[in-house]
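Take a look at the structure below.
The values are calculated or read from the model by the stated rules, or taken from the named source; none is laboratory data. Remember, it's a predicted structure, so these values are computed and weren't measured experimentally. Counting neighbours? That spans all protein chains shown, and the Cβs are built from the backbone with ideal geometry, glycine included.
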Amino acid sequence: MTVVALTGGVAAGKSTVTDVLSGLGAHVIDADVLARQAVEPGTPAFRDIVARFGSVVVDSSGGLDRAALGDIVFGDPEARESLNAIVHPEVKKLYDEALTEATQFPSRVTVYAVPLLAEARSATEFDAVIVVHAPATSRVFRLMEHRGLSADQANARVAAQASDEERVALADSIVDASGDIERTRKAAHQLYEELERLWPDRLDELSRRFPRDDS
């Protein structure tokens, strides 16, 4: 089965693109959804996070207080590495399960929306990598404007991820999401049309254009 990875920095517009792709018929596996499942109360990752960071990261309902955890890890690289070491393996397990389920949809485009591809996965795991790109300055503004973060909080979240240059270097194709949401949606439609032309009748061609390196 051929799987396309879709990545991009925080607030780049990945959700807009994946919503369009899903609406058009793509089978989307969302790493953010998997990450939330991985840290639900009672899971090994949840217990390990509380053991590492304390009860301050537990909200009044007994779940994970993401805001409190974010304030800790985005200002402390060592703490962020500890969190990633807990969460990423669990997300990988859930991804493998979701990928097995995706074999039920062989005639549909399969897209793995994975924000931290450059940080936590290898591009060679996938048959092609698509990067949703918006400059870091635009993403900082979006975090402040739409998520209510301060300038320091927004800059810390952007700085904690791979640079624009590191992400773009992985790309087989780039979706320009630097404009408004309608332009991003239009670009996502164009992306789907390109993928659909290759799926499934020209699946072998896609694999040849974007060969997986299993070495």
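Of all residues in region 116-135, one or more are of a type outside the set (S, T, N, Q), touching a Ser or Thr at 6+ places or on another chain (Cβ under 6 Å), closer than 21 Å to Ser22 by Cα and at pLDDT below 90. Can you tell which of Val17, Val50, Val3 is touching a strand residue (DSSP E or B) at 6+ places or on another chain (Cβ under 9 Å) and not assigned by TED's automatic domain parsing to the domain that holds Asp172? So the residue among Val17, Val50, Val3 that is touching a strand residue (DSSP E or B) at 6+ places or on another chain (Cβ under 9 Å) and not assigned by TED's automatic domain parsing to the domain that holds Asp172 is Val50.
Filtering Ser150, Ser178, Ser173 for residues that are of a type in the set (Ser, Thr, Tyr) and either crowded, with 18+ Cβ neighbours inside 10 Å or within 25 Å of Arg36 (Cα to Cα) (or both) leaves a single hit, Ser150. If we keep just the residues of region 131-169 that are under 22 Å from Leu191 (Cα atoms) and basic (Lys, Arg), which is nearest to the chain's Cα centre (by Cα)? Taking the candidates together, the pick is Arg167.
Restricting the search to region 60-93, which residues are within 30 Å of Glu196 (Cβ to Cβ) and surrounded by fewer than 17 Cβ atoms within 10 Å (Cβ to Cβ)? Walk me through it before giving the result.
We begin by selecting, within region 60-93, every residue within 30 Å of Glu196 (Cβ to Cβ); these are 91-92.
Matches in region 60-93: Lys92 only.
Do we find a residue being within 17 Å of Thr18 (Cβ to Cβ) and assigned by TED's automatic domain parsing to the domain that holds Arg47 anywhere in region 149-168? If you could, list the steps in order and put the result at the bottom.
So in region 149-168, the residues within 17 Å of Thr18 (Cβ to Cβ) come out as 167.
With assigned by TED's automatic domain parsing to the domain that holds Arg47 added as a condition, the list becomes none.
No.
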